[in-house]
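Okay, structure first, notes after.
What follows is calculated from the coordinates using simple rules that are stated; it is not laboratory data. Note that the structure is a prediction, hence the values are computed from the model and not measured. Cβ sites come from the backbone with ideal geometry, for glycine too, and all protein chains shown count toward neighbours.
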Amino acid sequence: MKKNPEGARDRIFRAAEELFSRKRFREVSVRDIASQAGVHFALVGYYFGGKQALFDEVFRSHVDPVVEEGLRELEAVTRGGRTAAVEEILRAWILPCLRQGDTPAGRAIHLRIIANLSHERWEYTHALAGNMNRSHRAFIRALRRSLPHLSERTVMWRLHFMAGALFFGVRQPASLTVLSGGRCDPEDLEATFEQILPYAAAGLRAPDPAGTETGERKRRKAGSKGKTGRNPAKQGEKP
């Protein structure tokens, strides 16, 4: 057997890339990948060692460049201990996710793969978490310097929500396109960035709920006091 007959390894990788961009890990079989690539299923194990190793390689090929570019961009705006503006930090966080891929089709696959990570079970993605967590911690530190009124916990929550908004938008573009009658196109990456940047910045700048008592929390407290108060009827008192 030739080491790489007619580019079989590359075809397997591209087939897995396409399938994992549309389906979850458990929904894709080795035979699915081999069929898409037009090779014998045994070649998946021969070149990659199995489905999990192939999954890891596909996702690393998309995640690692985003992480490294984002960290370079963040370093550029915080060099020398500079406190960066929230928008500068978010630009370093969002743009690398949006501009990977050489063609529109390649960018679509890339964005779906990045978005799909949030839908996968930890047992399948834990090997990818280290590099991503390194990036997240760096961005959290930068945001806390820019937004000293926020606790670390609140910054974590807000980055989590912003990631959800970004990845849902690029993973499910048709819903907005249909709702807007075609006036909004999430596949237009420039328009996506122009809309999500001020949205995310405003959300980050909001007051920290840990330092304010929201109406909902007040209602819960009031309800709790009512439940623990004395019941006049049970105490033999007149209501």
- So how do 37-43, 203-209 stack up, highest first, on mean other-Cβ count within 10 Å? 37-43, 203-209
- Per residue, the convex hull enclosing the alpha carbons of segment 1-49 has a volume in Å³ of 64
- Query: Label points 7 Å out from Cα along the Cβ direction at ALA201 and HIS149: separation in nm?
  - Reply: 1.6
- Message: Could you give each residue of segment 71-86 its phi-based ³J(HN,Hα) in whole Hz, using Karplus coefficients 6.51, -1.76, 1.60 with θ = phi - 60°, and x for Gly or Pro?
- Response: 5, 5, 5, 5, 4, 5, 8, 10, 4, x, x, 5, 8, 7, 5, 4
- Which FRET efficiency, nearest 0.05, do THR83 and TRP157 yield, Cβ-Cβ r, R0 22 Å? 0.55
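Could you work out how much longer the chain between PHE168 and GLU187 gets when fully extended? Use 0.36 nm per residue separation minus the Cα distance between them, nm to one decimal. It would help to have the intermediate numbers written out before the result.
Numbers: separation 19, 0.36 × 19 = 6.84 nm, distance 1.21 nm.
This chain segment gains 5.6 nm when fully extended.
What length, rounded to one decimal in nm, is gained on full extension from ARG14 through to SER35, with 0.36 nm per residue of separation minus their alpha-carbon distance? Don't skip to the end; give the middle numbers.
Numbers: separation 21, 0.36 × 21 = 7.56 nm, distance 1.20 nm.
Separation in residues times 0.36 nm, less the Cα-Cα distance, equals 6.4 nm.
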- More than 22 angstrom apart: percent of Cα pairs within segment 58-207: 41
- Rank-order 16-24, 68-76 by packing density, defined as the average count of other C-beta atoms within 10 Å over each peptide's residues, highest first. 16-24, 68-76
